[in-house]
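Derivation of every value follows stated rules applied to the coordinates shown; laboratory data play no part. Just so we're clear, the structure is a prediction, and the values are computed from it rather than from any experiment. Please note: Cβ atoms are built from the backbone with ideal geometry, for glycine as well, and neighbour counts cover all protein chains shown.
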Amino acid sequence: METVCAIHVSLPQLLEAREQRVARQQAALAEYGKTVLSLTLVSPGPVKDSPSYRFVFAEALVAIDALLVDRAWQVVGRQYLSRPTGQEALLVIDCPAQSLKWALALLEDEHPLGRLWDMDVICPGTQRAVSRSHLLLAPRKCLVCGEAAHACARSRAHPLDDLLLEIEEKIDAYRCSLA
C-alpha cells in the first residue's frame with residue numbers, strides 16, 4: 001500500500017471507530033427497521049486509508065449497487081464516511097437479511113477484489129449480524145495461504161508485509177484487468 005502521507009491508526013482509535021460504527025448500525029435499525037449492510041475493508045496494519053484502499057472501496061460500492069439493482073432491492077438509507085480509520089458505508093436495504101448475506105458472500109468469493117471487502121449484514125429482527133456459518137457457507141480464506149482466515153489472523157500466522165504484498169498484488173492485478 002502507498003505510504004505517502006500515511007496516517008498510522010492506533011488500537012484505541014480503531015476500537016472507538018468500531019463502537020461508533022455499531023452505534024450507527026443500531027440507530028439505522030431503530031430508524032428504518034430494515035436490513036443493514038455495513039461495508040469496510042480488510043486492511044491489516046496501522047494504515048487504514050490510502051488511494052488504493054479508496055479504489056477498492058469504490059469498486060465495492062459499484063459491485064454492491066449492481067447487485068442491488070439486479071435483485072431489485074431498494075436502498076432506503078445510505079451513509080458514507082471517510083476517516084483515517086478507513087472508508088465506511090452503511091446501507092439500509094429493504095430485503096431479507098439472509099438473502100442479502102448470501103448474495104454478498106457470493107460476491108466476496110467471486111469478485112477479484114471481494115476478499116478485501118468486509119460486508120456485515122445485520123438482521124432487523126435479531127439485531128445481530130448474519131454470518132457465513134449461519135448460511136452453511138465456508139469461512140473466508142486467508143489472503144496468503146488459503147486456509148481459514150480467522151485461524152491465521154488469530155495466530156498471526158503471516159507477517160504483515162506478506163499480507164500487504166498480497167493485497168497490493170490483488171489490487172494491481174485487478175487494475176491491469178481493467179486496462
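Once the Cα-Cα distance is subtracted from the 0.36 nm per residue extended length, the residue 6 to residue 23 segment shows a gain of 3.4 nm. Of the peptides 71-78, 23-30, 92-99, the ranking by mean beta-carbon count within 10 Å, highest at the top, reads 92-99, 23-30, 71-78. Among 84, 51, 27, flag the residue with its Cα farthest along the positive direction of the charge dipole of the chain, charges on Cβ as +1 for Lys/Arg and -1 for Asp/Glu. Among 84, 51, 27, the one farthest towards the positive end of the dipole of the chain is 27.
Note on the stretch 74-172: Kirkwood hydrodynamic radius from all Cα pairs is 15.2 Å, rounded to one decimal. Multiplying the residue separation of residue 128 and residue 162 by 0.36 nm and removing their Cα-Cα distance gives an extension gain of 9.0 nm.
Under Stokes-Einstein, with the Kirkwood radius over Cα pairs as Rh, the value for the chain at 20 °C and 1.002 mPa s is 126 µm²/s.
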